[in-house]
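Enquirer: Handing you this structure, nothing more for now.
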Amino acid sequence: MTPHPRPAPATAHALVLAPVTAGWDGGAFFTPVIRTLVGAGLRVTVADTLALWDEEVTTLAGLAARWLEVLPTFGPVDLLCGNALGGAVAQALLPSLDPATAALLVSGPARSDALLAERLGEIADLAAAGRPAAALDLLHRRVQPEGREPDGAAEPGAGADAEAGRRLAGGLRLLAGIDLTEAVRAHPGPLLQIVGARSQLVTRRHTAAAPHHRVHAVPRAGMRPHFDRTAEVSAHVGALLHEKGLR
C-alpha cells in the first residue's frame, strides 16, 4: 500500500495592531517581536490601527466595532497582538474571537486612570493645537523609562505635519476612561501582557488578567519594553507560543 502524504500543517497567523503613530511606519514599531514571531514560523500581518479611525469615532468601543467588521478579511487569527492603542483594541475584540485565540499585548492598557489620561491628554492637546512637533517630543519623552533622558529624534521618519497632529490627538484620546477588565478576564485562551516596570504611561495597574493569564513587568523598561529589553521580551513571547503550540 502506498502511504498518502500528510498535508503540511497550516502556518499559524499572527495579526498585529499598531499603537498611535504620527504616520504609518510599516510595522517598525514592533520589529523585535515580529522577528521573534517570524523566527518561530508564524505568518505575521501588521495593521495600522488608526486606518479605520476618523473624527466620527470618539471612543475605543467605536474603533473596535469597525475592526470587528473587517476582522474576517484577515482570515483565521491564531495570535492577536497589540501595542499600546492596538493592545487596547485587541482586548476589546476578545469576546468576539475564537475562545482559543492567544493574545499578546505590549503596553496595551485594559483600563485607564486619571494619571494616564492626563499624560496622554497633554500630548493630544499639543497635537490638536497645531503643535505636532511638540506633541511628538513629549511623547518621545514619555515612552522612555522613568529617569532616562531621551536620545535621538522624537520619531524617526515621521513628519510633524497636520496629519500627524490629527492622528496623535484623535488616537491618544481614545484611551481615556476605558475599562476592558471584564472582557479580558473572561477570555479563556492564553494571554500575555508585557509592560515596562518603569513606564511613565501604561503600567501593571493598567492591566487586567484572569488567573490563567500572565502579566510581566520588564525591569528597567519603559513604554517600549520590546526595544528596551529585547531578549527578555522575546523569551516571554517564545513561552507564550510554546503554551499555545505555535512553535
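Enquirer: Could you tell me whether residue 217 is in a strand (DSSP E or B), surrounded by fewer than 19 Cβ atoms within 10 Å (Cβ to Cβ) and free of Cβ contacts under 8 Å to residues at least 60 places away in the same chain? Working first, answer last.
Expert: Values: in a strand (DSSP E or B): yes; surrounded by fewer than 19 Cβ atoms within 10 Å (Cβ to Cβ): yes; free of Cβ contacts under 8 Å to residues at least 60 places away in the same chain: yes.
So residue 217 fits the description; yes.
Enquirer: Another question about this same structure. Here's a check for you: in region 90-108, which residue that is in contact with a Gly (Cβ under 7 Å, 6 or more places away or on another chain) and not aliphatic (A, V, I, L, M) is nearest to residue 247 (Cα to Cα)?
Expert: The selected residue is 101.
Enquirer: How many residues are within 11 Å of residue 82 (Cα to Cα) and in contact with a helix residue (DSSP H, G or I) (Cβ under 6 Å, 6 or more places away or on another chain) if we restrict to region 21-32?
Expert: 0
Enquirer: Residue 202 passes all but one of (1) of a type in the set (Val, Ile, Thr); (2) touching a Gly at 6+ places or on another chain (Cβ under 9 Å); (3) part of a helix (DSSP H, G or I); which number fails?
Expert: Residue 202 satisfies every listed condition except (3).
Enquirer: Give region 146-179 a look and list any residue that's acidic (Asp, Glu), modelled with pLDDT of 90 or more and farther than 18 Å from residue 128 by Cα, or say none.
Expert: 146, 179
Enquirer: Yes or no: residue 119 modelled with pLDDT of 95 or more and either under 19 Å from residue 224 (Cβ atoms) or not in a loop (DSSP other than H, G, I, E, B) (or both)?
Expert: Working: modelled with pLDDT of 95 or more: yes; either under 19 Å from residue 224 (Cβ atoms) or not in a loop (DSSP other than H, G, I, E, B) (or both): yes.
Yes: the conditions hold for residue 119.
The values are calculated or read from the model by the stated rules, or taken from the named source; none is laboratory data. Every value quoted in this text rests on a predicted model; they were computed, and no experiment measured them. Glycine gets a Cβ as well: all are built from the backbone with ideal geometry, and neighbour counts include every protein chain shown.
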